[in-house]
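K.L.:
Could you have a look at this structure, given as structure tokens, before my questions?
The values are calculated or read from the model by the stated rules, or taken from the named source; none is laboratory data. Bear in mind that the values here come from a model prediction, so they are computed numbers and not experimental data. Note that we place each Cβ from the backbone using ideal geometry, even for glycine, and neighbour counts take in every protein chain shown.
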Amino acid sequence: MAQSTVSEAIEVDADITLVWELVSDPSNYPRWSPEASGVRRRSGTGPWAVGDVFTGSNRIWLPWSTNCRVVRASPLEAFAFDVSFSVLPVARWSYELAPNATGGTLVTERWEDHRTGLKGAIVKPSGLLVGRGRDAATRNRATMRATLAHLKAEAERARS
């Protein structure tokens, strides 16, 4: 049975406030992710808040876009957004933060599969078309590791 939730974590040698500023702004994601290629904010201004909407553009083989809505924006704790393809739910992505003992930040990136039931059966095959493969959990674990490594490098450079 396929995994419905995947998470990866990394220790970042940077203050939680700096890390929060980075992960709570989706326009940063294309710099870190092997798939994300753009973010276009469609609602809200200033710091991202619950209810703000954006379009996420991605590319592996073929480009695709998703609709995203911020569902959690708890400063210094967690930032999460739900992803859909048209009216079909796809996933929830989140970044969870915790201070560590050395003054740095533990960052956990989490993916929850929302492709269930009839709507899920309709949207799952689209992953094959764009190059994501049959196993979203394994694919996401690999991209999360890359994303977190790039986030870590950027945050640690910024604190210097």
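K.L.:
Scan segment 136-160 for residues that are in contact with a strand residue (DSSP E or B) (Cβ under 6 Å, 6 or more places away or on another chain) and polar (S, T, N, Q) and jot them down.
P.N.:
Answer for segment 136-160, where residues must be in contact with a strand residue (DSSP E or B) (Cβ under 6 Å, 6 or more places away or on another chain) and polar (S, T, N, Q): just ASN140.
K.L.:
On to the next question. Does GLY104 count as of a type outside the set (Ser, Thr, Tyr), over 15 Å from SER4 (Cα atoms) and in contact (Cβ under 8 Å) with a residue 24 or more places away in the chain?
P.N.:
Taking the combined requirement at face value, the residue satisfies it.
K.L.:
Let me ask another. Could you list, ordered by first residue, the pairs with Cβ atoms under 7 Å in which the first is in segment 54-66 and farther than 16 Å from SER43 by Cα and the second is aromatic (Phe, Trp, Tyr) and surrounded by 14 or more Cβ atoms within 10 Å (Cβ to Cβ), at least 6 apart or interchain?
P.N.:
ASN58/TRP64
K.L.:
Where in segment 1-108 are there strands (runs of 3 or more DSSP E), lying wholly inside it, with at least 1 residues that are under 20 Å from THR138 (Cβ atoms) and among the small types (Gly, Ala, Ser)?
P.N.:
Working: elements: 5-12, 36-41, 53-59, 63-74, 78-85, 88-99.
So the answer is 5-12, 36-41, 88-99.
Here's the yes/no breakdown for (1) of a type in the set (A, V, I, L, M, F, W, C); (2) in contact with a Pro (Cβ under 7 Å, 6 or more places away or on another chain); (3) under 29 Å from GLU156 (Cβ atoms); (4) buried (at least 18 other Cβ atoms within 10 Å of the Cβ):
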residue	(1), (2), (3), (4)
ASP15	no, no, yes, no
PRO47	no, no, yes, no
PHE54	yes, yes, yes, yes
SER57	no, yes, yes, no
PRO63	no, no, no, no
ALA73	yes, no, yes, yes
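K.L.:
Right, next: Filter segment 1-32 down to residues that are modelled with pLDDT under 95 and among the small types (Gly, Ala, Ser) and give me whichever is nearest to the chain's Cα centre (by Cα).
P.N.:
Ranking the candidates gives SER4 first.
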